[in-house]
1. Counting only other residues whose beta carbon sits under 13 Å from that of TRP156, what net charge do I get with K and R as +1, D and E as -1?
2. Would you mind ranking SER103, SER215 by Cβ crowding within 10 Å, fewest neighbours first?
3. Compute, for the range 108-206, the length of the dipole vector about the Cα centre, with Cβ point charges of +1 (Lys, Arg) and -1 (Asp, Glu) only. Units Debye, rounded to 20.
4. Can you sort TYR259, TYR134, TYR207 so the residue with the fewest Cβ neighbours within 10 Å comes first?
5. Can you tell me the FRET efficiency between TYR127 and HIS86 if r is taken as the Cβ-Cβ distance and R0 is 56 Å, rounded to the nearest 0.05?
6. If the chain between PHE258 and LEU241 were fully stretched, how many nm would it gain, using 0.36 nm times the residue separation less the Cα-Cα distance?
7. How far apart, in nm, are the 7 Å Cα→Cβ label points at ILE273 and THR8?
8. Stokes-Einstein D for the range 10-316 at 37 °C, 0.692 mPa s, Kirkwood Rh over Cα pairs, in µm²/s?
Amino acid sequence: MEENAEDTLEFYRHQTGVTVAYTLFYSLVFVIGLLGNTFVVRTVVSNRQFRTTTDYLISSLAVADLLIILFCLPTTLLNNILTEWHLGGIICKMSTWVNSTTSCASIYTLVFVTADRFFAICHTLKYQTWDTHYTLHVIGVIWIASSILASPNLFWYNEVAYNFTTENNTTLTCKLCFSTTDEKTYFVSVNLLIAFCVPFLLISIFYSLIFIRVSTHTSLAVDAQIRDERIKVRVAKMMFLVIIVFAICWIPLYMIYFYFFFIADHTSALFEISSIFLRPFFQWLSLTSSGVNPIIYCLYSQKYRKAALSAFCPNSYEKVRGVSSRETETSKLTRNGTVSTRRHDGVDEWRREESSMGSLVHSPIGTSVL
């Protein structure tokens, strides 16, 4: 009986404590990412104030993050805590395809975000001729191209049964979600170069040009235009942080897969540690970017903060809104002996948002913002 027990394939990969820890960490990202990205998509769809180019791009990122949260996170968790793959070949194919599609769509959406900020700050006149609806066409092209680049996963990945012999000469079968072909060429050409290195090179170029422009620009614009320029830079700063978080979360995973494909000695202790502990952690880290983005939007944008307060704490939002309305209606400015009343219409668009950049910006466009 003891021999049979020893030769039975374990259901879980790890001890109970490690399994519980993985489940808790992945579940935390799932809850935060689901609530945050659902809020972003719902806000952009249901509010006319959120129909700018930047908002459309943010909603595209939120859709990608939602797909990752709903389809990739659960399968990644199960693959890391269970010894076998139990979801069948179709789910295996779809989860890998969705993962590749969304990661590619996310990074090229960030490229377009960077290009949008570049033209908004460095080529304002050209930017004003851009129709917001063109952004939807660009987003569609990004998603179609990303799905095509990821399509080989639909043919290569499948539920594969592996037979192996135990120390007691008993043959056991283990089902895995695994690639049936050598992925080295695809990994280098598509995953590493097209879907990571090239996009980040473009992002680096655009943000370098933005930094040069912000650092050297001197404006003689009136107050309203100065405020508009500051808001543009603040949005650029927000999206730059999103890009940095994306890079921090995804680079370790790319590095460990590069190690697996080209360097690893499968018999070494380092390979075992990397497979059992580092890969699940780096996969979790890559998924956290999907949950962090909505938090960044709320931290940097007043209109997203107000929308979040209205969505999650409607009673508190009404109280704050009532107090704010009374204060702004009674606030008065005295200039050259003339008294005027300051009024706000409550419409918080990117180009009209009164932000706290005043304490950070010292030149007409701003310094030390990137």
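Read-outs: derived from the displayed coordinates by stated rules, not from any lab. This one's a predicted model, so the numbers in the text were calculated from it and none came from an experiment. Virtual Cβ from ideal backbone geometry, glycine too; neighbours counted across all protein chains shown.
1. Details: positive: LYS93, LYS184; negative: GLU159, ASP182, GLU183.
Taking every other residue near TRP156 into account, the sum is -1.
2. Sorted ascending by nearby Cβ count, the order is SER215, SER103.
3. 280 debye
4. With the fewest neighbours first, TYR259, TYR134, TYR207 line up as TYR134, TYR259, TYR207.
5. Numbers: r = 51 Å, r/R0 = 0.91.
Efficiency at R0 = 56 Å is approximately 0.65.
6. Net length gain for the segment: 3.6 nm.
7. Label at ILE273, label at THR8, 3.3 nm between them.
8. The Stokes-Einstein estimate is 154 µm²/s.
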